[in-house]
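Visitor: Sharing a structure here in structure tokens format.
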There are 4 protein chains.
Amino acid sequence: MAGNTFGQLFKVTTFGESHGGMVGAVVDGCPPGLEISEGEIQKELDRRRPGQSSISTPRKEEDVVKIMSGVFDGKTTGTPILLLAVNKDVRSEDYQEMKGLFRPGHADFTYEAKYGFRDWRGSGRASARETLARVAAGAIAKKYLSQKFGITILSFVEQIGVIKANIDLNKVTTQDIESSIVRCPDEDTAKKMLSLIETARDEGDSIGGVILGAIKNVPAGLGEPVFDKLNADLGKAMLSINAVKGFEIGSGFAGAKMKGSQHNDAFYIENNLIKTRTNYAGGVLGGISNGQTIYFRVAFKPVSTIKKEQNTVSVDTKDITLKANGRHDCCVLPRAVPIVDAMAALVIIDHYLRHKAQNL
Amino acid sequence: MAGNTFGQLFKVTTFGESHGGMVGAVVDGCPPGLEISEGEIQKELDRRRPGQSSISTPRKEEDVVKIMSGVFDGKTTGTPILLLAVNKDVRSEDYQEMKGLFRPGHADFTYEAKYGFRDWRGSGRASARETLARVAAGAIAKKYLSQKFGITILSFVEQIGVIKANIDLNKVTTQDIESSIVRCPDEDTAKKMLSLIETARDEGDSIGGVILGAIKNVPAGLGEPVFDKLNADLGKAMLSINAVKGFEIGSGFAGAKMKGSQHNDAFYIENNLIKTRTNYAGGVLGGISNGQTIYFRVAFKPVSTIKKEQNTVSVDTKDITLKANGRHDCCVLPRAVPIVDAMAALVIIDHYLRHKAQNL
Amino acid sequence: MAGNTFGQLFKVTTFGESHGGMVGAVVDGCPPGLEISEGEIQKELDRRRPGQSSISTPRKEEDVVKIMSGVFDGKTTGTPILLLAVNKDVRSEDYQEMKGLFRPGHADFTYEAKYGFRDWRGSGRASARETLARVAAGAIAKKYLSQKFGITILSFVEQIGVIKANIDLNKVTTQDIESSIVRCPDEDTAKKMLSLIETARDEGDSIGGVILGAIKNVPAGLGEPVFDKLNADLGKAMLSINAVKGFEIGSGFAGAKMKGSQHNDAFYIENNLIKTRTNYAGGVLGGISNGQTIYFRVAFKPVSTIKKEQNTVSVDTKDITLKANGRHDCCVLPRAVPIVDAMAALVIIDHYLRHKAQNL
Amino acid sequence: MAGNTFGQLFKVTTFGESHGGMVGAVVDGCPPGLEISEGEIQKELDRRRPGQSSISTPRKEEDVVKIMSGVFDGKTTGTPILLLAVNKDVRSEDYQEMKGLFRPGHADFTYEAKYGFRDWRGSGRASARETLARVAAGAIAKKYLSQKFGITILSFVEQIGVIKANIDLNKVTTQDIESSIVRCPDEDTAKKMLSLIETARDEGDSIGGVILGAIKNVPAGLGEPVFDKLNADLGKAMLSINAVKGFEIGSGFAGAKMKGSQHNDAFYIENNLIKTRTNYAGGVLGGISNGQTIYFRVAFKPVSTIKKEQNTVSVDTKDITLKANGRHDCCVLPRAVPIVDAMAALVIIDHYLRHKAQNL
């Protein structure tokens, strides 16, 4: 109810502030008998970890996650899984001056409006450090989906600023994505993106972009009609990630310009299976998966923390100017790729369990 | 869990199929003491009603809604409000031939995949007739928000196909919107849109578009951080509407191209109030309202029902061709405007009650 | 959230006031493909119906229920099932004088305290007429459980006032229960109970009692550990029925007097199955069914409406006296038996679906 | 959904197994601004702590709880509160022989039936050690209720075996309760109870009993009608505690023997306030608090772990005998008093927030 839980059957509750003792998650509702190790979770976390490349924040959290309950003899028991990561490289003094002011683009003002006061150290609960817990929980979901259905989730950076890649979803691989520090699987475009990010960094500025998420091998029939359409829950999942301003599935906003005769994906039979010739739908019809690849785009605004001087106001309502010091990314997209993966996994597993409850 | 309920504290459960006995909603959690009449609800429904203009489906439902419980002496009692509309102009024979095939772009195939069989009459539960119930429930929410805070919700058609209006959100009025059958408040653009819609209709085709939603006077502090961000719940609400493929708030996908120094909305003080000079955020920071106008865009694909011949498959997996007969809109956007209004109202009232529970 | 919904996966939302337009329920989450007819539901309703015998209220509702959505070709579709019963024999004038006072033992005062005003006609939402909707929804659950697992639910009146029957759970049958207007399967005791009820009626008084509920053939493994133990959810279900003041499972309050060496049900092997020699546990260990018969007791207070003169207060806080007129039962237990059955069925089906989601 | 969360607005999710790394809770939905310290929580935990007296288990957990998130500058921030207690005195070797068998009265068999395998060390998740987390979370709720309304919760041991105290609820104090190691405020009866417990202990047996819970100063109007009646939620809360077999509110099972003219609590006016002369209702009418003291009884079966030899079966379905070794209480009631307090606090705060959301 207070918004810290995601999912209805595979429930993930995250906790922790940026500069508090620890961040983590409780995963409740994971089916029993799934083999899972800290190492498998760590692998996903390392993709999100700060300091992993020249374009990510120098904050040096190791982000080591521990499984503290719900796993016995290497397998999930069906009881709550507690995932914990201790906060180590905490330099709250960097934020001392933030205590008395509201940073533009940040949640300082709205948290104060909502709660009457706030933990001002490193954005507190509004910090993107919370997404560490999502990635850890998502790693469990990814493992389950992969083992159960061979579902793979492939997200990558499609656009940085005005530079956009043109990627064939049928050919992209995890290796292509991970081989680039920008996480754009097209090498030439990745170089241009990198140069754009470095320019922004050198200017003390930041830059936005778009992540494309693709989910392959989802069986037809997942998603609840009416309010909990699969696309609606994917949209909510992505829009809940810090800095996200837009979501589209399949044709998306481009679809708004089309005619029905173009947009309708014609059905046909191949090897006795029902397929579609095109996939403007993005793998979802009437809110329910149709067996084709699900793909969607997620728009990220530029990071709010910049080194340029900005006009803003103080907590005691005076006009002031601000120049930031804290360590930060000037472009979050490369590190946001595993977060998009994780949220996609959490949506699919939850809808799979819901479908199973009522229909299988 | 089965996806027919929206909201956590102001809970709306809809029921009913297109050609069944009735459609409607149970509204549970509406605060007691709100004056509400069937007439007020009917006014909103009339904006969604089929047959209201030359460009909407000739299906002639009167869509008369009755309040059957939860209101006493003209006021809500705090107990569940039952809203009912009987289905009258039902011509299931139009759909007899649909029984044995899967229409492209429709949910026929996915419902069959999910449930094993389906009510094939007029799309059954997947019919947009379900949105009648949303508009009725939303009318109660709109009344509450208006009376309590002076919140107004103003949605309008911003784009049809490639034709896009440029509207000043500060000046648009309900009258401007309602005076056009396209529900675009810019008269010149509305004419061009109308002509585009008529062309699509005459070709037996359909056309998509974009609705812009604006919510004014929302107090700062609504929205839950982390998973239930106000923008995430607005996104889910809109993406749950039939035919919606995209959602963006504030700068949206355009924001992905910007730099932080451009995108950050500078705070300033005016009359002792904290305001922002620009509003790229779209009225939400860190998932919580900041007191500025909330605005967002919703992309609709073209209607799937067209009169042109299409390739598709039969239930017994044979390749066939299809030419539709049923009555339908060739562009849903004008009639979708009150649906967007309703869903926006349901999100805001739910978050207001959630905020109230925990903070006021 | 406002308390009108029961269940997490098989969700029943009831609506309606005693003297409003209609009462009924939306059942959301019923698996598709279940054959169900209005006749099957009606059979359960007839067991709850007023006026069915000499000891039930003369209010003559026919209580005819209609299925208005969610069923197609005689089978559930997986979409919400709307069950409606129109209120007919409404004599609100009987309640005119109740408008200005708070009846002892009734919810008049607490509804006014909670909501600021109330629908005073026939107890409004607090009327036991709401349980009609539970019985209708429960009939669907009973059908499913019977068909799927051969689960049978057998509740009966075990005690009226101080008269208590001693029934062998292994031998009791539906016929034995239904052959008595008291719904006590022991003929001799039933006669004594009847006489006690008639005495109370003739005195213008009322009398309480205990219903024993038994659920047979529940497979081992249903129930969630910790907060949603099967016994905890059964307890909540029963305590939510009007006039219920107590619940116990298995040994219950008598178990508090026992020693562990007596109470522990010894396991043994029979035909390769694990069984228990005694059943003090009542079929539940650690909140999870163990395959033995689940049995529990539900204590009902005497009906609050009596014809004797009582001291009470008026809405404008004056001491007054009251003598009731309205039609009422002087002992609700015989008519409450199908309500206990229904609530038990709703608990078991919900836990079955929850178990299925996570474990099968 | 998997049953590890209690509450709808003040949500407590517990995690952890008896012999795993740690046990604890996430409290989500606690209003911001409440002053709370680890010391205040510890005080409640010390009442539940093993080894606190001659009649409790010698397992020597210190049960030190740490607040790891959600509290800043000594006040709750409105974000999730993580409460952690590390498991220290873990002697899993005591349980090695339990691995292969199902203990009578325990959840070994039903966990195995539900999940396919189980963490057999010290009862795993089914261990009463889980209630530590409830007491810690309940301490926060108690603080809030006390500060906001002056609500006090006073539970005590009313009965051990057949020995029953007769306590005047108006006079009982925390001091009276805490001054006895049995937690029965009547000194003479407490002595007899102690002697009965010691006898059971010396026989290698165990003994059950009843706790009476009383909640004072609850304002009228809390509780949701129909399914989430305050008594129904209190019942569920209590029945979710390990070893509980029965719950009654107010008159309870004794009320089943009464007539309406006796049971109806007459209203009267005192100092312009509406009160009742008797309180058979137990402070709740129609599921909503009426301002009188809420009181209820909770029946505990005797502890299942005894030192006497018992017949049981092995995991590979053979008949065997068992003699327990593990450290245990032979009567849980004295240590269960703070658990009853905690669960009562969690119910009341949750209903207060729900009421606030919809009505204040």
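The values are calculated or read from the model by the stated rules, or taken from the named source; none is laboratory data. Note that the structure is predicted; figures quoted are calculated from it, not measured. Positions of Cβ are backbone-derived with ideal geometry, glycine not excepted, and every protein chain shown enters the neighbour counts.
Visitor: Which one of the conditions (1) among the charged types (D, E, K, R); (2) more than 8 Å from chain D (Cβ to nearest Cβ); (3) without any contact (Cβ under 8 Å) to a residue 12 or more places away in the chain does C:K259 fail to meet, given that it meets all the rest?
Guide: So the condition that C:K259 fails would be (2).
Visitor: Based on this model, can you work out whether A:Y144 counts as under 23 Å from D:T76 (Cβ atoms), more than 7 Å from every other protein chain (Cβ to nearest Cβ) and either touching a Lys or Arg at 6+ places or on another chain (Cβ under 8 Å) or in a helix (DSSP H, G or I) (or both)?
Guide: On the way: under 23 Å from D:T76 (Cβ atoms): no; more than 7 Å from every other protein chain (Cβ to nearest Cβ): yes; either touching a Lys or Arg at 6+ places or on another chain (Cβ under 8 Å) or in a helix (DSSP H, G or I) (or both): yes.
No: the conditions fail for A:Y144.
Visitor: Another question, then. With respect to C:E130, is the statement that it is assigned to a helix (DSSP H, G or I) and at the interface with another protein chain (Cβ under 7 Å from one of its Cβ atoms) true?
Guide: Values: assigned to a helix (DSSP H, G or I): yes; at the interface with another protein chain (Cβ under 7 Å from one of its Cβ atoms): yes.
Yes; evaluated as a whole, the condition is true for this residue.
Visitor: While we're looking at this one, here's another question. Given the structure, is D:D329 on the phi < 0 side of the Ramachandran plot, touching a helix residue (DSSP H, G or I) at 6+ places or on another chain (Cβ under 7 Å) and charged (D, E, K, R)?
Guide: Taking the combined requirement at face value, the residue satisfies it.
Visitor: Only one of B:F156, B:F149 is in contact (Cβ under 8 Å) with a residue 60 or more places away in the chain, touching a Cys at 6+ places or on another chain (Cβ under 7 Å) and more than 14 Å from every other protein chain (Cβ to nearest Cβ). Can you tell me which?
Guide: B:F156
Visitor: Could you run through region A:290-315 and say how many residues are within 7 Å of chain B (Cβ to nearest Cβ), buried (at least 22 other Cβ atoms within 10 Å of the Cβ) and out of contact with any Phe, Trp or Tyr (no Cβ under 9 Å at 6 or more places or on another chain)?
Guide: Summing the residues that are within 7 Å of chain B (Cβ to nearest Cβ), buried (at least 22 other Cβ atoms within 10 Å of the Cβ) and out of contact with any Phe, Trp or Tyr (no Cβ under 9 Å at 6 or more places or on another chain) in region A:290-315 gives 5.
Visitor: Here's a check for you: in region C:183-242, which residue that is part of a loop (DSSP other than H, G, I, E, B), facing chain D (nearest Cβ under 7 Å) and not small (G, A, S) is nearest to C:K323 (Cα to Cα)?
Guide: First, pick out the residues of region C:183-242 that are part of a loop (DSSP other than H, G, I, E, B): C:183-186, C:203-206, C:208, C:217-225, C:229, C:240-242.
Still in the running and facing chain D (nearest Cβ under 7 Å): C:205-206, C:208, C:220-221, C:224-225, C:229, C:240.
Then keep just the ones that are not small (G, A, S); that gives C:205, C:224-225, C:229.
Working: C:D205: 12, C:E224: 47, C:P225: 48, C:K229: 43 Å.
Residue satisfying both the conditions and the ranking: C:D205.
Visitor: Okay, next question. Which residues, counting only those in region C:319-341, are more than 16 Å from C:C184 (Cβ to Cβ) and in contact with a strand residue (DSSP E or B) (Cβ under 7 Å, 6 or more places away or on another chain)?
Guide: Result: C:D319, C:I320, C:T321, C:L322, C:C330.
Visitor: Could you tell me which numbered condition D:S56 fails, if it satisfies all but one of (1) surrounded by fewer than 22 Cβ atoms within 10 Å (Cβ to Cβ); (2) of a type in the set (S, T, Y); (3) at pLDDT below 95; (4) assigned to a helix (DSSP H, G or I)?
Guide: Checking D:S56 against (1) surrounded by fewer than 22 Cβ atoms within 10 Å (Cβ to Cβ); (2) of a type in the set (S, T, Y); (3) at pLDDT below 95; (4) assigned to a helix (DSSP H, G or I), the one that fails is (4).
Visitor: Search region C:328-348 for residues being in a helix (DSSP H, G or I) and of a type in the set (D, E, K, R), and hand back the single one that is farthest from C:G208 (Cα to Cα).
Guide: C:D341
Visitor: Looking at A:G246 and the list (1) more than 9 Å from chain B (Cβ to nearest Cβ); (2) touching a strand residue (DSSP E or B) at 6+ places or on another chain (Cβ under 8 Å); (3) in contact (Cβ under 8 Å) with a residue 40 or more places away in the chain, which single condition is not satisfied?
Guide: Single failed check for A:G246: (1).
Visitor: Give me a count of the residues in region B:262-280 that are at the interface with chain A (Cβ under 7 Å from one of its Cβ atoms) and of a type outside the set (D, E).
Guide: Matching residues across region B:262-280 total 8.
Visitor: Then there is this: Could you tell me which numbered condition B:D119 fails, if it satisfies all but one of (1) over 27 Å from C:M22 (Cα atoms); (2) assigned to a loop (DSSP other than H, G, I, E, B); (3) over 23 Å from the mean Cα position of the chain (by Cα)?
Guide: (1)
Visitor: Something else: Which ones in region B:151-199 are under 24 Å from B:A342 (Cβ atoms) and among the small types (G, A, S)?
Guide: Answer for region B:151-199, where residues must be under 24 Å from B:A342 (Cβ atoms) and among the small types (G, A, S): B:S155, B:A165, B:S179, B:S180, B:A190.
Visitor: Let me ask something additional. Would a scan of region B:274-284 turn up a residue that is out of contact with any His (no Cβ under 6 Å at 6 or more places or on another chain), crowded, with 24+ Cβ neighbours inside 10 Å and under 27 Å from B:R121 (Cα atoms)?
Guide: No, the conditions are met nowhere in region B:274-284.
Visitor: Checking A:G20 against (1) surrounded by fewer than 23 Cβ atoms within 10 Å (Cβ to Cβ); (2) part of a loop (DSSP other than H, G, I, E, B): exactly one of these is not met. Which one?
Guide: Status for A:G20: all satisfied but (1).
Visitor: Condition test on D:Y115, is it within 11 Å of chain C (Cβ to nearest Cβ), surrounded by 17 or more Cβ atoms within 10 Å (Cβ to Cβ) and either farther than 30 Å from D:G24 by Cβ or out of contact with any His (no Cβ under 8 Å at 6 or more places or on another chain) (or both)?
Guide: Working: within 11 Å of chain C (Cβ to nearest Cβ): yes; surrounded by 17 or more Cβ atoms within 10 Å (Cβ to Cβ): yes; either farther than 30 Å from D:G24 by Cβ or out of contact with any His (no Cβ under 8 Å at 6 or more places or on another chain) (or both): yes.
Yes: the conditions hold for D:Y115.
Visitor: Looking at A:Q358 and the list (1) in a strand (DSSP E or B); (2) under 30 Å from B:S304 (Cα atoms); (3) free of Cβ contacts under 8 Å to residues at least 40 places away in the same chain, which single condition is not satisfied?
Guide: It fails just one condition, (1).
Visitor: Can you go through A:G51, A:G3, A:G39 and tell me which one is in contact with a Lys or Arg (Cβ under 6 Å, 6 or more places away or on another chain), free of Cβ contacts under 8 Å to residues at least 24 places away in the same chain and more than 27 Å from D:A113 (Cα to Cα)?
Guide: Answer to the selection: A:G51.
Visitor: Taking region D:270-304 on its own, how many of its residues are touching a strand residue (DSSP E or B) at 6+ places or on another chain (Cβ under 7 Å) and among the polar types (S, T, N, Q)?
Guide: Taking region D:270-304 first, the residues touching a strand residue (DSSP E or B) at 6+ places or on another chain (Cβ under 7 Å) are D:274-277, D:282-284, D:290, D:292-302.
Remaining after also requiring among the polar types (S, T, N, Q): D:276, D:290, D:292-293.
The number of residues fulfilling the criteria is 4.
Visitor: Let me ask something else. Out of all the residues in region C:268-278, which are hydrophobic (A, V, I, L, M, F, W, C) and closer than 11 Å to D:K318 by Cβ?
Guide: Once the filter is applied, which keeps residues that are hydrophobic (A, V, I, L, M, F, W, C) and closer than 11 Å to D:K318 by Cβ, region C:268-278 yields C:I269, C:I274.
Visitor: Evaluate region B:335-349: report whether one residue or more is more than 28 Å from A:N272 (Cα to Cα), in contact (Cβ under 8 Å) with a residue 40 or more places away in the chain, within 9 Å of another protein chain (Cβ to nearest Cβ) and not charged (D, E, K, R).
Guide: Checked region B:335-349: no residue is more than 28 Å from A:N272 (Cα to Cα), in contact (Cβ under 8 Å) with a residue 40 or more places away in the chain, within 9 Å of another protein chain (Cβ to nearest Cβ) and not charged (D, E, K, R).
Visitor: Something else now. Quick check on my filter: what residues within region B:263-291 are part of a loop (DSSP other than H, G, I, E, B) and under 23 Å from B:Q159 (Cβ atoms)?
Guide: Within region B:263-291, B:T278, B:N279, B:Y280, B:A281, B:G282, B:G283 meet the criteria.
Visitor: Condition test on C:I320, is it in a helix (DSSP H, G or I), of a type outside the set (F, W, Y) and more than 8 Å from chain D (Cβ to nearest Cβ)?
Guide: no
Visitor: So which of A:E270, A:E224 is acidic (D, E) and free of Cβ contacts under 8 Å to residues at least 12 places away in the same chain?
Guide: A:E270
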